[in-house]
Amino acid sequence: MKFLLHKEKSRFLAQMPLTDTSSPYANFRSENWVVVSVTDYPSDQLKKLVKIKGWQTLCIGNSLTPNDWSLKGTIYLSLEQQAELGFRVVRFLPYDSYVRKTVGYLFAIQHGAKRIYDADDRGEVIGDDLAARFDVELIGEGSRQEMTIMQYSHENVNRTVVNPYVHFGQRSVWPRGLPLENVGEIWHEEYYTEVFSGRQYIQQGLSNGLPDVDSVFYLTRKTGLEAFDIKFDDRAPKVALPQGMMVPVNSFNTLYHSSAFWGLMLPVSVSTMASDVLRGYWGQRLLWEIGGYVVVYPPTVHRYDRVEAYPFSEEKDLHVNVGRLIDFLVSWRSSEHRLFEKILQLSYAMAEEKFWTEKDVKFTAAWLQDLLAVGYQQPRLMSLEITRASIGHGDKKEFVPQKLPAVHLGVEESGTVSNEIGNLIRWRKNFGNVVMIMFCNGPVERTALEWRLLYGRIFKTVIILSHQKNPELAVEEGNLDQVYKYLPKIFSRYEGAEGFLFLQDDTLLNYWNLLQADKSKLWITDKVSKSWTTVSLKGKSEWFLKQADLVKKVVGMMTAQFQINYKESVNLDQSLTICSSEIFYIPQHLTGEFGDLVNLVGDLDISYKVAIPMFFLALDSRQNFDSVLSTMVYKRKPPSMNSTFYSAHASAVHPWSVSSEQEFIKLIRIMAEGDPLLMELF
């Protein structure tokens with residue numbers, strides 16, 4: 001791979017000019033371009049788009065486009081015409097995908113583009129005037145003459161992604177590309193800051209009607225076949241993103257200025273509905289290198305819902321990787337001295353991290369070569385400002401978003417709903433810095449995303465372990481019987497977390513009943529008799545005796561305080577404490593000592609049912625454990641009907657089996673007794 005990086009870098013250092021000699025538009029020039037991918041015959045919305053004054057519409061065909069496609073006023077490039085243009089990127093592009101728009105971007109730049117509006121054929125520009133909706137002119141006579149733009153506060157350095165729909169009045173809607181663990185962040189900003197206008201090189205518009213939402217939202221927020229008709233607040237001010245904070249950016253309602261044209265490249269090695277989102281995050285990170293920023297605008301188009309959902313599989317690269325991608329990008333640094341070298345370096349790094357493949361490294365190199373060949377001048381670098389400055393009171397700007405009716409949820413947002421949202425905020429505030437570690441015994445390919453969606457609304461993150469690793473679903477490999485040996489590594493990855501909650505997938509967590517728990521103490525099921533028991537060794541099987549001998553060996557190696565704590569609770573010679581350990585919590589301040597105890601075990605084959613209670617009893621006296629899990633409903637075997645023993649008033653419920661999406665939906669309906677907003681999310 002490193003050889004590939006050097007090879008591709010050397011290729012684009014010097015490029016021969018590439019001029020249009022094959023198309024009928026060789027001598028045509030325009031500064032303003034609309035680029036659209038077309039698969040069907042021209043829509044009514046596209047026919048209106050073509051008539052927008054001062055903009056040239058360029059339509060890009062693919063293998064699904066009718067052979068006789070045409071529309072007066074457009075420039076249309078068929079597959080054959082695209083191939084004749086001589087662009088290097090063409091050989092990487094799939095035949096049947098909208099990502100062929102990459103050819104259109106290059107064609108527009110080659111023919112004088114200074115602005116490119118990335119659009120689709122079902123969006124109708126509100127008022128038929130792009131200049132009235134976006135900042136088409138950044139400086140000079142035609143600009144809006146605004147000195148500053150409202151900007152999200154950058155005070156919280158751990159906040160790396162934001163849902164812009166909240167700012168524009170829709171708290172319960174989230175954009176495609178927002179990590180699912182962030183969908184529960186529905187509270188408005190305490191305050192904003194400001195940034196000087198003029199460098200908003202990427203401008204993301206919102207869509208009324210059908211916004212850019214993911215398939216999870218689309219498939220779970222409807223009661224029937226009615227079309228979405230969601231409205232955003234068109235009076236809310238546009239809002240900028242500071243360096244270090246990102247937002248999903250799409251390919252159907254976004255204006256790019258020439259300084260950001262390099263960021264138009266649509267990746268080719270990821271799933272269809274992930275391509276533009278990955279492009280957006282990749283582009284935002286690189287935009288910081290030239291001092292640019294993204295601004296989100298009030299609704300710019302009305303997009304009609306055709307009541308056609310795309311398959312969830314087309315988004316798999318989003319839900320699996322996007323949270324990790326954002327963290328990676330925010331922390332990425334480069335010492336290269338020119339923008340294009342940084343771009344290639346980042347694309348290479350993203351391939352190494354498995355966000356895309358080597359194919360996109362080669363594609364990036366071809367794209368940069370083509371940009372230089374059509375005469376594009378790469379922008380100059382500026383210093384990064386990710387290290388946030390402190391915010392003075394004079395710099396704080398207040399804006400309270402509207403709370404628009406969420407009629408698409410089947411209810412108006414009445415006081416009852418507001419109370420439910422208030423509860424969600426309270427739970428998130430309480431557990432938003434707690435990491436959940438879940439061990440899945442069931443089929444992760446059917447349940448991993450669902451577990452993350454359920455608990456990711458509440459907890460900082462949800463790490464999933466299973467007997468078999470699944471990189472596509474971000475499932476890490478682990479052995480349940482030795483699961484405690486994996487925990488210290490996870491602890492080290494989240495040193496800023498308040499604590500860690502372990503949960504097996506056969507146990508339900510009623511998080512709304514945990515608010516009173518002390519997060520500085522240990523929690524475990526020591527007061528649940530069927531889960532925690534101390535047994536006499538007299539007459540027990542070889543397994544019990546062997547485990548007891550191993551415990552003696554470890555206790556004998558413990559430091560004085562650990563050993564004293566343990567021996568106060570258990571008679572080493574006569575008994576053994578066992579806990580099924582379906583659920584337990586370890587506060588951050590005890591993770592180091594927990595790791596020390598794990599190191600004492602070493603290669604000894606101690607079952608987690610013995611090791612976990614041994615560690616807990618060594619760490620602290622039982623009387624100091626928090627008793628929050630004492631209300632747990634615990635059965636050794638599930639009744640024939642799960643719902644007959646579920647209680648929304650318990651802290652947790654065991655056992656509960658979920659092995660399919662249908663079973664998960666049933667579970668959500670039952671848990672909604674304690675968290676009614678679950679019915680909106682699933």
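The values are calculated or read from the model by the stated rules, or taken from the named source; none is laboratory data. Bear in mind that the values here come from a model prediction, so they are computed numbers and not experimental data. Neighbour counts are summed over all protein chains in view; Cβ atoms, including those assigned to glycine, are modelled from backbone coordinates with ideal geometry. Ligands, DNA and RNA are stripped out before the accessible areas are found, and what is left, the full protein with its side chains, is counted by its heavy atoms. Shrake-Rupley method; radii C 1.70, N 1.55, O 1.52, S 1.80 Å.
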Percent RCO, i.e. relative contact order, over the stretch 97-240, from Cα pairs under 8 Å lying at least 6 residues apart: 27
Residues with amide H under 5 Å of Thr57's amide H, sequence separation 5 or more or different chain, H placed in the peptide plane at 1.01 Å from N; which? Val34, Ile75
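Going down the table (Lys114/Lys354; Lys489/Lys521; Lys469/Lys553), which pairs top 23 Å between alpha carbons?
Lys114/Lys354; Lys469/Lys553
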Reachable aspartates and glutamates, given that their alpha-carbon falls under 14 Å from the alpha-carbon of Lys397 and they are not under 8 places away in the same chain: Glu155, Glu189, Glu190, Glu194
Size of the dipole of the chain about the Cα centre, Lys and Arg at +1 and Asp and Glu at -1 on the beta carbon, nothing else charged, in debye to 20? 740
Taking only protein heavy atoms and a 1.4 Å probe, what accessible area per residue, in Å², does the chain have with all protein chains in place? 41
Charge dipole (the chain, unit charges on Cβ, about Cα centre) - positive-most of Gln547, Trp187, Gly169: Gln547
Solvent exposure, largest accessible area first (probe 1.4 Å, DNA, RNA and ligands not counted), of Thr577, Thr533: Thr533, Thr577
Simple SL model, points at 7 angstrom along Cα→Cβ for Thr534 and Arg493; separation in nm is 3.6
Could you pull out the pairs from Lys460/Lys609; Lys485/Lys635; Lys403/Lys460; Lys403/Lys666; Lys47/Lys101; Lys567/Lys635 whose alpha carbons sit more than 21 Å apart here? Lys460/Lys609; Lys485/Lys635; Lys403/Lys460; Lys403/Lys666; Lys567/Lys635
How large is log10 of I(q)/I(0) for the stretch 228-347 at q = 0.18 Å⁻¹ when the intensity is taken from the Debye formula with one equal scatterer per alpha-carbon? -1.10
Amide H neighbours of Val213 under 5 Å, at least 5 residues apart or on other chains, H built in the peptide plane: list them. Arg176
Difference of contour (0.36 nm per residue) and Cα-Cα distance, Val400 to Arg235: 58.2 nm
What is the percent carbon and sulfur in the accessible area of the chain, measuring with a 1.4 Å probe over the protein chains and ignoring ligands? 48
Which residues qualify? For Met246, with a placed amide H closer than 5 Å and at least 5 residues away or on another chain, they are Val161, Val162
Cβ-defined net charge surrounding Lys519, 11 Å radius [Lys, Arg +1; Asp, Glu -1]: -2
Sorted by average packing, counted as other Cβ atoms within 10 angstrom per residue and highest first, what order do 598-607, 108-117 take? 108-117, 598-607
Work from the charge dipole of the stretch 498-651 (Cβ charges, +1 for Lys and Arg, -1 for Asp and Glu, about the Cα centre) and give the residue of Ser569, Gly592, Ala618 farthest towards its positive end. Ser569
Less than 14 Å apart at the alpha-carbon level, and either on another chain or at least 8 residues along: which aspartates and glutamates does that give for Lys519? Glu498, Asp626
Any idea what the dipole of the stretch 152-248 comes to, in debye rounded to 20, about its Cα centre with Lys/Arg Cβ at +1 and Asp/Glu Cβ at -1? 180
Would you kindly find the accessible area of His188, with a 1.4 Å probe and non-protein molecules such as ligands, DNA and RNA excluded, rounding to the nearest 10 Å²? 80
So for the stretch 78-159, taking the charge dipole from beta-carbon charges (+1 Lys/Arg, -1 Asp/Glu), which of Tyr117, Ser97, Met150 sits furthest toward the positive end? Ser97
Between Glu661 and Lys359, what is the FRET efficiency for a Förster distance of 22 Å, r being their Cβ-Cβ separation, to the nearest 0.05? 0.10
With charges set only on the Cβ (+1 for Lys and Arg, -1 for Asp and Glu), what does the dipole of the stretch 492-619 come to about its Cα centre, in debye to the nearest 20? 360
For Rg/Rh (Cα atoms, Kirkwood Rh) the list reads (i) 1.02; (ii) 1.08; (iii) 0.96; the calculated value is entry (i)
Helix-only mean residue ellipticity at 222 nm for the chain, each DSSP H run of n ≥ 4 adding -39500 (n - 2.57), per residue, nearest 500: -9000 deg cm²/dmol
Nearby lysines by direct alpha-carbon distance to Lys396 (threshold 20 angstrom, same-chain neighbours under 8 apart not counted): Lys238
Which order do Asp395, Asp212 take when ranked by solvent-accessible area (1.4 Å probe, heavy atoms of all protein chains), largest first? Asp395, Asp212
Express in Å², to the nearest 10, the accessible area of Ser529 obtained by rolling a 1.4 Å probe over the protein heavy atoms while all chains stay in place. 90
So what's the net charge close to Asp128: Lys and Arg +1, Asp and Glu -1, counting the other residues with Cβ under 12 Å from its Cβ? +3
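Taking a ≥ b ≥ c as the square roots of the Cα gyration tensor eigenvalues, with a/c under 1.5 meaning rounded and otherwise prolate when a/b beats b/c, else oblate, which class fits the stretch 508-612?
It is oblate, given that a/c is not under 1.5 and a/b is not larger than b/c.
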